[in-house]
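The values are calculated or read from the model by the stated rules, or taken from the named source; none is laboratory data. Nothing here was measured: the structure is a model prediction, and the numbers come from that model. Every residue, glycine among them, receives a Cβ derived from its backbone with ideal geometry; neighbour counts consider all protein chains shown.
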Amino acid sequence: MLALAATLACCPGVADVRLSTEYVDLVLDDAGRWKSFRLRAGEQELLADGGREPVMWVRLPEGEVAATGVGLQGDRLTVRFGQGEAEAVFQVAQHPSHVAFELVSLKPEGATEVQAARVLLKPWAKGAGVVNVVYDDRVAAGILALNLPVNCQLRSHNSASGTLQGVIQSFARVEGEAPVGKAFGEYTAVSTRETGDGWAVRYKRLRSPLDLSAHEGLGLWVRGDGKGELLKVQLFDEVSEGVRAYKDHYVKVDFAGWKYVELPRGPEDTIDYSHVMNVNLYYNGIPAQTTVTCGLDDLRAVRRLTGEPSTDPGDVVLEDFERPAGEYLDRRGVELSATCYAQYGLVG
């Protein structure tokens, strides 16, 4: 059984589609995304990055699926995922200082994990990770588990990234002119160095390991700028003989415009592809005194490499930039989440 309390204000708060306490109003839009997490006193908005992130996720055998719709009837909150691949129903109990959610049903039976709450809030003065709460001198906000099997986490975001001295970077989502879907990612790095050794990185840690052992490599669309830098896709495994191992895949950006690129696995690979946990994006070898900008779209683990863009349902999409928010994008705030797992019992 999963039971959650979302708290806020002098001690508490909430989570909703439209739910309110004495301290906060919380709104989800009809697509299952956060729309508002607002203090009633002073009308202060607490959501970071303008909100619009899915409120929940479910893991199915074919991968993670985001919430795409919500509905509230009486005390029952129904959450739909993807194109109808999954559905969760929560019983909601409202209190003056908080709202509690209990998962009462989940379809299909093949679901192995539910991230039943996930919200990115604006930066706070302090964080109490043990109880999954952020707070300052006036208010506190948290997502609390009322059952032991629920895994609550607090993560700070400051455009999770790194660069060599003399390099700055940014990452944006751009709508229009995407080779796949309606949006793509645009990665920019500016080097003021006198040498051509600049580098930059954007990290993406997955919520749980992916099994990519049956896939022959990676495929992605790259819009090159023809400046000769190296774009790198780096995979990290969870554990490889007691240490984390990684595999680097390079794209030489000596072309301009959109190009489909395949990155095959090599016989020398040492990572455990059954437990891939990170998918990081790098620039290496940024030319001196140069700004580089590449577009990226539809990064996926490809089951069969054919030299042509793949739509195989057996592929695993690692990033398609269709969501308004994402791990690679410039973002700053504190993320609170609560996840439950099938092996510990999801419902009941």
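Determine, yes or no, whether Leu235 is in a strand (DSSP E or B), aliphatic (A, V, I, L, M), touching a residue at least 12 places away in the same chain (Cβ under 8 Å) and in contact with an Asp or Glu (Cβ under 7 Å, 6 or more places away or on another chain). Criteria not met by Leu235.
Per the listing Leu120, Leu103, the residue uniquely closer than 15 Å to Leu28 by Cβ and hydrophobic (A, V, I, L, M, F, W, C) is Leu120.
Looking only at segment 58-84, residues that are surrounded by fewer than 17 Cβ atoms within 10 Å (Cβ to Cβ), within 18 Å of Thr112 (Cβ to Cβ) and charged (D, E, K, R) come to 1 in all. Checking the stated criteria, Gly176 turns out to be surrounded by fewer than 18 Cβ atoms within 10 Å (Cβ to Cβ) and either in the same structural domain as Tyr260 (by TED's automatic domain parsing) or in contact (Cβ under 8 Å) with a residue 12 or more places away in the chain (or both). Of the residues Ala301, Ala325, the single one that is hydrophobic (A, V, I, L, M, F, W, C) and not assigned by TED's automatic domain parsing to the domain that holds Ala178 is Ala325.
Please indicate, with yes or no, whether at least one residue in segment 224-244 is under 21 Å from Gly196 (Cα atoms) and of a type in the set (Phe, Trp, Tyr). Among the residues of segment 224-244, not one is under 21 Å from Gly196 (Cα atoms) and of a type in the set (Phe, Trp, Tyr), which makes the answer no. Take the residues of segment 277-335 that are among the acidic types (Asp, Glu) and at pLDDT below 90: which is nearest to Gly196 (Cα to Cα)? If we take residues in segment 277-335 being among the acidic types (Asp, Glu) and at pLDDT below 90, then Asp330 is nearest to Gly196 (Cα to Cα). Screening segment 274-292 for residues that are of a type in the set (Ser, Thr, Tyr) and surrounded by 18 or more Cβ atoms within 10 Å (Cβ to Cβ) and picking the one that is farthest from Pro324 (Cα to Cα) gives Tyr283.
Do we find that Glu238 is under 30 Å from Gly142 (Cβ atoms) and assigned by TED's automatic domain parsing to the domain that holds Gly185 in this structure? Here the answer is yes, as Glu238 does meet what is asked. Does segment 103-111 contain at least one residue that is surrounded by fewer than 14 Cβ atoms within 10 Å (Cβ to Cβ), touching a Leu at 6+ places or on another chain (Cβ under 9 Å) and assigned by TED's automatic domain parsing to the domain that holds Ala86? Yes, there is a match, as at least one residue in segment 103-111 is surrounded by fewer than 14 Cβ atoms within 10 Å (Cβ to Cβ), touching a Leu at 6+ places or on another chain (Cβ under 9 Å) and assigned by TED's automatic domain parsing to the domain that holds Ala86. Annotation note: Cβ proximity below 6 Å between a residue of segment 305-321 that is touching a residue at least 24 places away in the same chain (Cβ under 8 Å) and over 13 Å from His215 (Cβ atoms) and a residue that is among the basic types (Lys, Arg) and outside any loop (DSSP other than H, G, I, E, B) (sequence gap 6+ or interchain) occurs for Phe321/Arg173.
In the set Gly224, Gly219, Gly162, only one residue is in a strand (DSSP E or B) and in contact with a Lys or Arg (Cβ under 6 Å, 6 or more places away or on another chain); that residue is Gly219.
Phe37 meets all of the listed conditions (1) free of Cβ contacts under 8 Å to residues at least 60 places away in the same chain; (2) out of contact with any Gly (no Cβ under 6 Å at 6 or more places or on another chain); (3) not β-branched (Val, Ile, Thr) but one, namely (1).
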